[in-house]
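Read-outs throughout are calculated quantities, based only on the coordinates presented, and are distinct from any laboratory measurement. Please read these numbers as outputs of a predicted model, since none were measured by experiment. Counting neighbours? That spans all protein chains shown, and the Cβs are built from the backbone with ideal geometry, glycine included.
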Amino acid sequence: MSDDLLVFRKKFSRGLVLVTLVFWLFTLIQLIGDSSEHGRWVLFITSVALIIDILAEHTKLFKEKIPWIILRLIELVSFSICFFVTLGSVNSMFFGIELISVMLQLLMLTDFLDVYSRAISLTTMTLPAIIYLILMLLIDPGEQAEFFGMVCAYLSLIFLVMLISALISEVLIATDKRIFELRRFSEQTKEANEALRNQQEKFRKANEELGFQKIKLETAYHKINSANTETQTLYQIIRYISTELEIGNLMKLITEAIFEAMGLDVCTIIIEPEIAGNEQVTYEIHTRLGKDFYERMSDRIEQGCIEEYMKAEGSYIDNEVQPGAYSFLMDHKVNSLLIVPLVREKKVIGALLCGHSQFEYFHENIMFFETVVVQLLVAIHNASLYSKMQQMAIRDSLTGIYNRGQLNVILEQYTKCAREQKKSLSVALLDIDFFKKINDTYGHLFGDEVIKMVASKMSEVAAYYHGIAARYGGEEFVIVIPDIEISDFYHIIISLKEAIDSTVLYFNEDEINVKVSVGISSYPETSRSCQQLLNRADGAMYYSKQNGRNSITVDNDIVQDYVRKNKETSGSCD
């Protein structure tokens, strides 16, 4: 049922209630004036119809189609009978209005817009009246004039219902047509708007796609620039590695290259002791955070505060550094921290530490820093080999102390310093007594152990007094201590000799005590020039060996005269 038809139906239903109410009041007034049985019967019918109509209008009792049809059919039959019974009176007029309203409402419950459906429905609705009229004619054939009047009156009602329904139908059809046109126009407008919206959506998606492409291009451009910068930095680092072997210079060059290329706020390389010839922890710091930060970082590195973050499992990354989380950062605005350990043979030998003020900085660039670490490990390896080669060139391979060549170089430096600063410089030359006999008796391997023991004792004393120990050749050793007078030096050598004498070496079940002969000289007490020190110490040692061995001889002119007189007759003392 169309919306317009529902509107008409509701209006007729309300009209029917209104007419029934007026008719009921009219009948009630008539009944008060004339209390006939006929009036009471009419009042009863109108009361029942009024109650049913009000209930149907204001409750959900007759919202469904079938109960509504049954209600209207009952009203149709009762109103039709009442119409014929009261024909000729005012009551008949009210029942006629009621009949018209009920018929129209019943028609509206069918296919109202179809003329044939309305004709069939209207014919069906006249059946109760036709049956009633036929029965009246059969019961009382003599009342043909009255019968004819009833038929005419009823046909008038039917004609009026047909006319009203036709008018309503035409209005509804015209309205539906207009609504259809409006809906068609609305649909066309809607389709046009939809097409426009689709087009706008396409434009919007195209713009978004262009925006995404722009972002992708900018990202790609940024990545290309970053990759280019990283590649150039790696190339620069590789060039440094190929041209520089000293680890300190390498660390400085590499940290500076990373620091500038990546725009870091701090870049530090740390190397543990004894990795590349360094005796203690070595580090290089580049920072733009000021001198206080540099000093704080240096202290924390030397105290080992960063070692807990140098883990062999992988890189340590904190892209949201909380204030006070790291003692070595203090309160400086380092918001992203990266520590990549330097791992060689499953051992952590150092770390690369980088910091940036930007949050979430270390993500896509992690591979670059790890590649730098790989190159840095190569540099450390090269530096370590270089350091070992240097040590091999200047140190004795058996004892680890300086060899004769490096002794001459260092002694020249000490000599120059002593002469310019007018300070003392003392030298002792030591020879192992009966060393040939030790080799012949116990073998050369045990002889090597003797040499290493003596070298170790000399090295300890030299290091304590900031001097050097060197192997002069074979079983001969030299110890040089700057800025010490001969009297003090003599006591030092006595302590050294006692340490050697008291050391017991074992060969199978034999206990062997090593004895040494020593000659000492000092500038300026016994030698007028630094260049004569070693020769005069050698002469004093020769004197010790010629006069009983196992003794210490202090250089003087008498000793040197003795050496000169006996040099032609002196032979091997072993």
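Which of the residues spanning the stretch 479-529 are under 28 Å from residue 421 (Cα atoms), assigned to a strand (DSSP E or B) and among the aromatic types (Phe, Trp, Tyr)? Across the stretch 479-529, the qualifying residue is only 523. Being farther than 22 Å from residue 408 by Cα and either surrounded by 22 or more Cβ atoms within 10 Å (Cβ to Cβ) or aromatic (Phe, Trp, Tyr) (or both) holds for only one residue in 516, 563, 504, 480, and it is 516.
The set of residues in the stretch 416-460 being loosely packed, with under 14 Cβ neighbours inside 10 Å and more than 18 Å from residue 396 (Cβ to Cβ) consists of 416, 420, 421, 422, 437, 440, 441, 443.
Residue by residue, here is whether (1) small (Gly, Ala, Ser); (2) under 18 Å from residue 259 (Cα atoms); (3) surrounded by 15 or more Cβ atoms within 10 Å (Cβ to Cβ) holds:
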residue	(1), (2), (3)
298	yes, yes, no
314	yes, no, no
318	no, no, yes
323	no, no, no
330	no, no, yes
335	no, yes, yes
352	no, yes, yes
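If you go through the stretch 235-264 and keep only what is surrounded by 15 or more Cβ atoms within 10 Å (Cβ to Cβ) and not in a helix (DSSP H, G or I), you end up with 244, 245, 264.
Say we look at the stretch 158-185 and pick out the residues that are small (Gly, Ala, Ser) and surrounded by 11 or more Cβ atoms within 10 Å (Cβ to Cβ); which of these is nearest to residue 98 (Cα to Cα)? Can you show your working first?
Going through the stretch 158-185, the residues small (Gly, Ala, Ser) turn out to be 165-166, 169, 174.
Retained after the next criterion (residues that are surrounded by 11 or more Cβ atoms within 10 Å (Cβ to Cβ)): 165-166, 169.
Numbers: 165: 15, 166: 19, 169: 20 Å.
My answer is 165.
Kindly indicate whether residue 339 is in a helix (DSSP H, G or I), more than 30 Å from residue 472 (Cα to Cα), touching a residue at least 24 places away in the same chain (Cβ under 8 Å) and in contact with a strand residue (DSSP E or B) (Cβ under 7 Å, 6 or more places away or on another chain). Answer is no for this residue. Of everything listed in (1) without any contact (Cβ under 8 Å) to a residue 40 or more places away in the chain; (2) farther than 28 Å from residue 379 by Cα; (3) not acidic (Asp, Glu), the single unmet condition for residue 332 is (1).
Within the stretch 409-424, identify whether any single residue is aliphatic (A, V, I, L, M), touching a Lys or Arg at 6+ places or on another chain (Cβ under 7 Å) and without any contact (Cβ under 8 Å) to a residue 40 or more places away in the chain, and answer yes or no. Outline the logic, then answer.
If we filter the stretch 409-424 for residues that are aliphatic (A, V, I, L, M), which is where we start, we get 409-411, 418.
Restricting the remaining residues to those that are touching a Lys or Arg at 6+ places or on another chain (Cβ under 7 Å) gives none.
There is no residue in the stretch 409-424 that is aliphatic (A, V, I, L, M), touching a Lys or Arg at 6+ places or on another chain (Cβ under 7 Å) and without any contact (Cβ under 8 Å) to a residue 40 or more places away in the chain.
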